[in-house]
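Everything on this sheet refers to the single structure shown next.
The values are calculated or read from the model by the stated rules, or taken from the named source; none is laboratory data. Small disclaimer: the values here were computed from a predicted structure and weren't measured. Methodologically, a virtual Cβ is constructed for each residue, glycine included, from the backbone with ideal geometry; neighbour enumeration extends over all protein chains shown. With ligands, DNA and RNA removed, areas are computed over all heavy atoms of the protein, side chains included. Shrake-Rupley method; radii C 1.70, N 1.55, O 1.52, S 1.80 Å.
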Amino acid sequence: MTYTVTAEGLCKSYGDHLVLDQLDLAIETGSVLALLGPNGAGKSTLVRILATLVAPDAGAAIVAGHDLATEPRAVQRAISLTGQFAAVDELLTGRENLELMARLRRIAPRAVRQRVGELLAEFDLTDAADRRAGTYSGGMQRRLDLAISMIERPQLLFLDEPTTGLDPRSREQLWDTVRRLVGEGVTVLLTTQYLEEADQLADTVAVLDHGRIVARGSAAELKAGVGQEVLRLEFPDARVVELATTGTVADVQAALDRYAAGGTAVKVSMHRPSLDEVFLSLTSTESKEVA
Amino acid sequence: MSFADALVDSRLLAGRCVRRSLRNPEAFFTALTLPVVLMLLFVYVFGGALRTGGAYVDYVVPGLIVLCAGFGAGTTAVAVATDMSNGIVDRIRSMPLSGSALLVGHVAASLARNLIATALVIGAGLAVGWRPTASAVEWLAAVAMIVLVVSALSWLAAALGLLARNAEAATSVSMVLMFLPYVSTAFVPAHTMPAALAGFARYQPFTPIVETMRGLWMGHTSTGTSLGVEAVAATGYCAAILILSAVAAARLFRARTL
C-alpha cells in the first residue's frame, strides 16, 4: 500500500485554543479521504498545514513523498489547493485566470493556449471563457477553480468544502467532476460538513472532532458501528426517539418494550443509519442517547 | 528558486494587477483626473491667495506629486488588502512561486500607476504656466527622486495593506498618507504655520522630499536649507521607509494566515 499523505502527531494551537491535537492521518494513493467534522473541528487548519500555508507547532508529514518541513517547494509542485472560497480573480475572464495560472506553473507559452482551451472544454466553460469570472454563477466559479487546479494534474488535490453555498444541481455537477478527476488517478483530501458529500465521494471517512480523528473507516463501516438498523418511534406529543438495533425481531421487540411505558407511539419505522447519525453520535454527547 | 524565476513570477503577477486596475473604471478615472483637477484647484482657486514668492504653480508642483503619490499608495494598500481577503492568495501561496512575487507584482503595478499620475501632474503644470529652470541632469535627478519616493510609498502601502484585515481598514489606514503632505512645505512654507506645527512640518519626511524636487526644478528650496542637505535627508528617509516596509511586508506576507 502506498500513501500520498502520512502525518504524525500534528499539533496546532492559536493562542490558548488547541485546534489540532496529536493528529495522525494517512491517505492511500488514488483514494478519496473525506474529513468530516463540525465547524471549528480543525478541518481547514489541517488542510492549510498539509498545503504548506501554515507550519504545525509539532508533528511531521510526508506529502507526495516529500517532507513538509524541509521540502515545501517539492510538496507545492505536487499539490493543488481548492479552498473554501473560489480562488478565482473576478476581474479577469475565465480564460485569463487559467492563462495566468498556467504561466505561473511554467507551462511553455505556446502550450498555454492549447491547454487552457482543453480545460475550458473539459469543465464546460468554453461559452463563458471570455466573460469576467465575477459574472459567473457559484457553480461556474467552482468549476473554474477546479480547472485551475487541474492545469497540471496534481498528485494530491485538496477540496476544502467544495460545495458550500452551491445549489443542489451545481453540487451534483461538481461531484461528477470530482469523480472524473478521481478516475484519472488523483488522490483527494476532501473536507466537508455535508455527510452526503462524504458518502457520495469518499473511499474513507475520517471524523474530526476537537482536533482529533475520533473515527475512521468507509462510510458503510462507520454506519455499521452505530447499529445496523435504526428504530424510529414518533409519539403524539411530537417526541421522536431513535434506537439502534441489530435488526432482529427479538432486538426490535425488546426496544419497543423498553419504550412502551413512555406512551403509545403513533408511528414506527425502521431505517439504516445515515452518516448524519454517525456524525452526531461521534461528535456530541447529548445525541448519543438518541443513537 | 532562481532570480530569473522570481522575475517571471513577479512580472506575471504585476500584469495581473495592471489588468485589474484597468478593469476598475471608476478608480481608473479618478486616478487619471485627480492630478489635473488638483492642479487646477491649487493654482486657480487657492493659488491666488497664497504668497510663496513667485508664481504659485512654480511652488506647488512637487507638493501635488507627493499628494498624488499618497493617493496612489491608498489604492495599492486597498488592492493588497483585497487580495489578502480573497481565496486567491491561498492558492498563490500554495504554489511553488518565489516568496514575495505577489507583493512585488503589486508594487510594480503601483509604480506604473503612480508614474503615470506624476507625468499628468507635470504635464498639467506645464500647461498652466509652470516654468522649471532645471537642466537635463537636474531633471533626471528629480525623476530619480520621484521613483524613489513612489517605491518607498508603494512598499509602505503593501505593508499597510497586509496589516489591514480588509479593504475598508486599508482605506482608513492609508488616509494618513493622503493628508500628511498638507502638514509639510508641499503647499505653503512652514514658517506660515503655528510654531508647533511648523516644527513638525519642517522635519517630517515629505518636506525634504518636496524641497529636493523644488530645489532641482526651480533652483532654490523654500526652507532656506541647501538642496544638498534636503536631498540627503530625503534619500535617507525614502531608503529607510523602503527597506523597513519591504522587510515588514515580506514578513507579514509569510506570517499571514487567514
Once the Cα gyration tensor of the protein assembly as shown is diagonalised, semi-axes √(5λ) in Å = 60, 25, 21
Accessible area expressed per residue, the protein assembly as shown, with surrounding protein chains retained (probe 1.4 Å, Å²) = 44
Residue A:130 accessible area, 1.4 Å probe, all protein chains in place, Å² to nearest 10 | 110
Would you calculate the volume per residue, in Å³, of the smallest convex hull containing every Cα atom of segment B:155-258?
-> 104
Just reorder A:63, A:268 by solvent-accessible area, largest first, 1.4 Å probe, all chains present.
-> A:268, A:63
Mean shadow of segment A:113-221, computed from the convex hull of its alpha carbons, in nm²?
-> 7.8
The alpha-carbon center of segment B:136-182 and that of segment A:1-69 are separated, in whole Å, by 40
Gyration tensor (Cα) of segment B:52-122, equivalent ellipsoid semi-axes in angstrom | 36, 11, 7
Which whole number gives the average count of other chain Cβ atoms within 10 Å of the Cβ atoms across peptide A:83-91?
-> 6
So what's the gap between the Cα centers of segment A:184-214 and segment B:72-118, to the nearest angstrom?
-> 34
Options B:225, B:74, B:64, ranked by Cα towards positive dipole end of the protein assembly as shown, top entry (Cβ charges) = B:225
Extent along principal axes [Cα atoms of segment B:131-176; Å; largest to smallest] | 46, 19, 11
Size-normalised alpha-carbon gyration radius of chain A, reference 2.2 N^0.38 Å = 1.17
Would you mind computing, in nm to one decimal, how far apart the modelled labels at residue A:67 and residue B:247 are, each placed 7 Å from Cα along Cα→Cβ?
-> 3.0
Expressed as a whole percentage, what fraction of the accessible surface of chain A belongs to carbon and sulfur atoms when a 1.4 Å probe is rolled over the protein heavy atoms?
-> 50
With every protein chain kept in place and a 1.4 Å probe, the residues B:213, A:140, A:270 fall, from largest accessible area down, as A:270, A:140, B:213
Contour excess over end-to-end distance, with Cα ends at residue B:232 and residue B:116 and 0.36 nm allotted per residue | 39.2 nm
Computed lengthening from residue B:255 to residue B:7, 0.36 nm per intervening residue step minus Cα-Cα distance | 87.0 nm
Calculate the mean, over all residues of peptide A:71-81, of how many other protein chain Cβ atoms lie within 10 angstrom of the residue's Cβ.
-> 3
So how much accessible area does residue B:139 have, in Å² to the nearest 10, using a 1.4 Å probe?
-> 70
Between A:102, A:202, A:255, find the one with the highest GNM mean-square fluctuation for chain A; connect C-alpha pairs within less than 10 Å.
-> A:255
Largest-first principal axis extents of the Cα set of chain B (Å) = 58, 37, 35
Quick shape summary for segment B:4-85, equivalent ellipsoid via Cα gyration tensor, semi-axes whole Å in descending order, reads 35, 14, 10
Using helices alone, what [θ] at 222 nm do you get for chain B, with -39,500 (n - 2.57) per DSSP H run of 4 or more residues, divided over all residues and rounded to the nearest 500?
-> -25000 deg cm²/dmol
Cα lying deepest toward the dipole's positive end in the protein assembly as shown, options B:86, A:114, B:191, charges on Cβ = B:191
Positive minus negative residues near residue A:174 (Lys, Arg vs Asp, Glu; Cβ under 9 Å) = +1
Could you please put A:12, A:267 in sequence from largest to smallest accessible area, using a 1.4 Å probe?
-> A:267, A:12
As a check on your grasp of the helix formula, calculate [θ] at 222 nm for chain A: sum -39500 (n - 2.57) over DSSP H runs of n ≥ 4, divide by the residue count, round to the nearest 500.
-> -10500 deg cm²/dmol
Quick one: putting +1 on the C-beta of Lys and Arg, -1 on the C-beta of Asp and Glu, what dipole do you get for segment A:54-152 around its Cα centre, in Debye to the nearest 20?
-> 320
Note down the accessible area of residue A:11, probe 1.4 Å, to the nearest 10 Å².
-> 20
In chain A, which longest range has no GluC sites (Glu not before Pro) that are both DSSP loop (not H, G, I, E or B) and surrounded by at most 13 other Cβ atoms within 10 Å?
-> A:1-183
Any idea which of A:148, A:82, A:255 is furthest toward the positive side of the dipole for chain A, if Lys and Arg beta-carbons carry +1 and Asp and Glu beta-carbons -1?
-> A:148
Total accessible surface hidden between B and A, rounded to 100 Å², 1.4 Å probe = 2600
Across peptide B:94-101, what mean number of C-beta atoms from other chains lies inside 10 Å of a residue's C-beta?
-> 5
Project the alpha carbons of segment B:142-203 onto their principal axes and report the range along each, largest first, in whole Å.
-> 39, 28, 15
Lys, Arg +1 and Asp, Glu -1 on Cβ, resulting dipole of the protein assembly as shown about Cα centre, debye, nearest 20 | 2080
